[in-house]
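Readers should treat all values here as calculations from the given coordinates under stated rules, not as data from a laboratory. Small disclaimer: the values here were computed from a predicted structure and weren't measured.
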Amino acid sequence: MTRSIAWLAAILAVSVPAAAASAHVYESGAVTVSHPWARATPGGATVGAAYVEISAKDGTSDTLVAASSPAAGRVEIHTHTMDDGVMKMRKLEKLEIPGGNSVLLQPSGNHIMLFELKGPLKEGDLLPVTLVFEKAGEVKIEATIEPVGAKGPHGTTGQPGHEEHMGHGQ
């Protein structure tokens, strides 16, 4: 009996982290969406933002053309630009994902903007978002909602593996 429990514990120790990690990666066609997250919003906030890493397989590019979420009345792809020393957000009609490369959607950079929130984004909850690509079609993801002011998912300072590229703000 003791050996059975030890084997079960060993199997769980290996399989649970693997399952948790795979829950943060979504694939469709040549596109992979990794580690989606959003920041919690205070009560009464009507806007929020979500962030991900999007990769396209080598030799196959794609384009993010739209996004939606049942948590928001309107969802847009945005970027930050500097205009006379003032950082401003601007809507993107599409976002190219070059083959063999990754595009980070992160604070102070490209991001998914959620307007007309139907309620606050609460830390610990999951935010359903549908990303629409020209070739890969719809990719349904769930973003973990991190604390207000988070700089990355799960306590990191940026998108896992890319922390050094993090901007400030947003």
| field | Nonlocal amide H pairs with Asn110, under 5 Å, H built at 1.01 Å | value | His80
| Lys135 long-range amide H proximity, modeled H, under 5 Å | Thr63
